[in-house]
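These notes are about the structure you will find just below.
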Number of protein chains: 2
Amino acid sequence: MTLDALRELARAKLRAAGLAGDHADAVAETMVAGERDGCASHGIYRLLVADRSIRAGVVVPDAVPQVSEPKAGLVRVDGGGGFAQLAFERGMPLLVDKARANGIAALALNNVVHFAALWPEVEALAEQGLVALAFTPSHAWVAPAGGTKPVFGTNPIAFGWPRPGREPFVFDFATSAVARGEIELHRREGRAIPDDWGYDADGRSTNDATAVLDGAMRTFGGHKGSALAAMVELLAGPLIADMTSAESIAADKGRGGSPIGGELILAIDPAGFLGDAVRAHLERAEAMFAAIEGQSARLPSQRRYAARARSLAEGVTIPAALYADIMAIGV
Amino acid sequence: MTLDALRELARAKLRAAGLAGDHADAVAETMVAGERDGCASHGIYRLLVADRSIRAGVVVPDAVPQVSEPKAGLVRVDGGGGFAQLAFERGMPLLVDKARANGIAALALNNVVHFAALWPEVEALAEQGLVALAFTPSHAWVAPAGGTKPVFGTNPIAFGWPRPGREPFVFDFATSAVARGEIELHRREGRAIPDDWGYDADGRSTNDATAVLDGAMRTFGGHKGSALAAMVELLAGPLIADMTSAESIAADKGRGGSPIGGELILAIDPAGFLGDAVRAHLERAEAMFAAIEGQSARLPSQRRYAARARSLAEGVTIPAALYADIMAIGV
């Protein structure tokens, strides 16, 4: 399928699932971007996830995001219980304006349902020439280092850096040892997991994927990853008057819906500190990227951009079983 | 020794080493704080490091920090080649004012010599009720994930979160697998290091501490830690018109001095998003801390605060050999 055809399909199916038109368009865009960039788990497959959240009543399908400006450097969008994508779209122009005016600004998305990666947000800001950071909690599935009971979500951190004339430097990773989807994949396939991915409900290390899904995952990088996971909870939870991962999973009441809560996005304008010398200093960043790539180490987003180039030229292939499931949405 | 006696000693010896009075006072403060908190490697031992930097001509001992305001949300302090501590002291009040006025603000320290931990900065801001993040590159000693040649510094990230009525939640860690001082300690003692700490100059894993010090250290947490190390380079290097770790070690010209360059500090006022509800939401953060400590996992700064309580009550003990070396400074 071409990306345009995929976009039309996603929009139509999200509308058929009951989502308002503006939400459907915004959500379709991130699914197409995921599929285009070879991120199957954040691609068009998410139509099924979105459909499930809508049917379970977890998301408000026609929520109207409310934008406000609590301070000169702050933007808040109350998503009204809708998906996060439209809330971000509505808040981003003001975030960009404030970052350019003040040098630095922050955007809080509140009361949104989150099921996508964070890289679309930081990439969009980097394409505007800004440096961006994004954080969001999820559901409490991850134990702190030194413990075995869930406190944190998979709590991703994303970062974007503008590169004139090329795709931005972007990373986006969970602070859990692995993605939760990776463990679910092992469960579905009946495969053992390494014993350092998590704990069973009794706090013992285990190779059993189901036991970890019912117990607790570990953070990446030991106590350092655990500290970062705590930071994500704080920044995109209490700091913006939104839920921690523990509160989000409690609010879900076992419906198995996507996490509900907030997201914090920071934007810094390089021209703030650099003035007219932005170009010269961004060139110095390029020298660092060259030093990384020159020893055949990959930049974080490299694989994604390679997939993007292929998809733009050749379109994407949707597995027949997934396509059939998608076609059944709203029928 | 009491902490007051230690402070007097540090001030006197820094002056004897040639440091101007205002710098000596600011630098002494962080050394006493390190010793007080049981961080021996960032404690009074650093008098020897500072003395070496002064004698090697790496630091400008009487630099006068210049404060400016490039944007409504930005503060810059040009440290004039002096130690970072006084530059931070001079910039912090304006950073606090701007964070309170705009909700978020950033402080860049430029052209400073850095040899201390970052936690004193974020802790000071958290004690003012602000949420703080700090980043600084160092010397290029660390290879990116997938490579074996040094590009990054040990590139610490520090975070501070205010806790009403108690010490702030603070972490401060290197994005390298271990602290460089840890490897130096192994070298001095002739002990082997684990083979996942770094590479020799030919890019091979090794147990030889000297070979890693002459080769490259690894980042913590694989490609995720490597991505964070790159972010620190970008945020506290090109974004603020200051040196990357590769540029800093090149500028050192083999003198073995402390890293010269910049530091970026972000401050967010919880009242910006929370208004009158700060207290209620900080209580929700306390619930998360309780969930961590309730399963006997430690909070990042817990050990440091315990040492602090002991030092405040009982004073600190300085090893005789170190004391003798300190007494020889400036004689």
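Coordinate-derived values only; no laboratory data. The shown structure was predicted, so the numbers you read here are calculated from the model rather than taken from an experiment. Here the Cβ positions follow ideal geometry from the backbone for every residue, glycine too, while neighbour counts run over all protein chains shown.
At 25 °C and 0.890 mPa s, what whole-number value in µm²/s does Stokes-Einstein give for the translational diffusion of the protein assembly as shown, with Rh from the Kirkwood sum over Cα pairs?
This corresponds to a translational diffusion coefficient of 96 µm²/s.
What is the local net charge at residue A:137, summed over the other residues whose Cβ is closer than 11 Å to its Cβ (Lys, Arg +1; Asp, Glu -1)?
-4
Say a label goes 7 Å from Cα toward Cβ at residue B:81 in every copy; what distances in nm does this one have to the rest, shortest first?
Copy-to-copy label distances at residue B:81, shortest first: 6.4 nm.
Which of A:13/A:149; A:149/B:224; A:149/A:224 have a Cα-Cα distance over 27 Å?
Beyond 27 Å: A:13/A:149.
Let me know the volume per residue of the alpha-carbon convex hull for region B:72-114, in Å³.
It is 51 Å³ per residue.
Mean 1/r over all different Cα pairs, inverted: what Kirkwood radius does region A:220-317 give, in Å?
18.0 Å
Within a Cβ distance under 11 Å of residue A:100, other residues only, what is the Lys/Arg minus Asp/Glu net charge?
0
Distance in whole Å from the A-onto-B rotation axis to the closest C-beta of chain A, together with the residue it belongs to, please.
Here the value is A:221, 1.
Put the label 7 Å from Cα along Cα→Cβ for residue A:4; what are its distances to the other copies, in nanometres, shortest first?
Those separations, rounded to one decimal, come out as 8.0 nm.
Assuming a ≥ b ≥ c are the square roots of the Cα gyration tensor eigenvalues, decide whether region A:5-129 counts as rounded (a/c under 1.5), prolate (otherwise, with a/b larger than b/c) or oblate.
Oblate.
Return the FRET efficiency for the residue pair residue B:55, residue A:127: r is the Cβ-Cβ distance, R0 is 56 Å, and the value is rounded to the nearest 0.05.
The formula returns an efficiency of 0.70 here.
I need the chymotrypsin sites (Phe, Trp or Tyr not before Pro) found in region B:162-253, filtered to DSSP loop residues with at most 13 other beta carbons within 10 Å of theirs.
Passing both the DSSP loop test and the Cβ count: no residue.
Which residues does the label zone of residue A:188 cover in region A:27-59, counting backbone N under 19 Å from a point 7 Å along Cα→Cβ?
From region A:27-59, the list is A:31-32, A:34-54.
Cβ under 13 Å from residue B:229's Cβ, residue B:229 left aside: what net charge do those residues give with Lys, Arg +1 and Asp, Glu -1?
Computed value for this residue: +2.
Can you figure out the FRET efficiency of residue B:255 with residue A:305, using R₀ = 41 Å and their beta-carbon distance, to the nearest 0.05?
0.50
Across region B:291-331, how large is the tail of the calculated P(r) beyond 16 Å, expressed as a percent of all Cα pairs?
When every Cα pair of region B:291-331 is considered, 60 percent fall beyond 16 Å.
Please report, for residue B:323, the nm distances (one decimal) from its label point, 7 Å out from Cα along the beta-carbon direction, to the equivalent points in the remaining copies, shortest first.
For residue B:323, the inter-copy label distances come out at 8.1 nm.
Looking at chain A, I'd like the Rg to Rh ratio, where Rg is from alpha-carbon atoms and Rh is Kirkwood's inverse mean 1/r.
0.96
Quickly work out the residue B:208-to-residue B:298 label distance, labels modelled 7 Å from Cα along the C-beta direction, and quote it in nm with one decimal.
With each label point 7 Å from Cα toward Cβ, the separation is 3.4 nm.
Once both labels are modelled 7 Å past Cα along the beta-carbon direction, what's the residue A:314-residue B:279 spacing in nm?
Going by the 7 Å Cα→Cβ label model, 6.3 nm.
For region B:175-232, what value does the Rg/Rh ratio take when both radii are computed over Cα atoms and Rh is the Kirkwood radius, given to two decimals?
0.99
At most 11 other Cβ atoms within 10 Å and a DSSP loop assignment: could you name the trypsin sites (Lys or Arg not before Pro) in region A:234-289 that fit?
Filter output for region A:234-289: A:253.
Residue B:253: which aspartates and glutamates have alpha carbons under 19 Å from its alpha carbon, excluding same-chain residues fewer than 8 sequence positions away?
Reachable aspartates and glutamates: B:51, B:214, B:242.
So which aspartates and glutamates pass the test for residue B:71, namely a Cα distance under 17 Å, with those fewer than 8 places away in the same chain ruled out?
Straight-line reach from residue B:71, under 17 Å: A:97, A:269, A:276, B:97.
Sum -39500 (n - 2.57) across every DSSP H segment of at least 4 residues in chain B, then divide by the residue count to get the 222 nm mean residue ellipticity, nearest 500.
Result for chain B, helices only: -13500 deg cm²/dmol.
Using the basic label-point model (7 angstrom from Cα toward the beta carbon), what is the residue A:1 to residue A:66 distance in nanometres?
The modelled label-to-label distance comes out at 3.6 nm.
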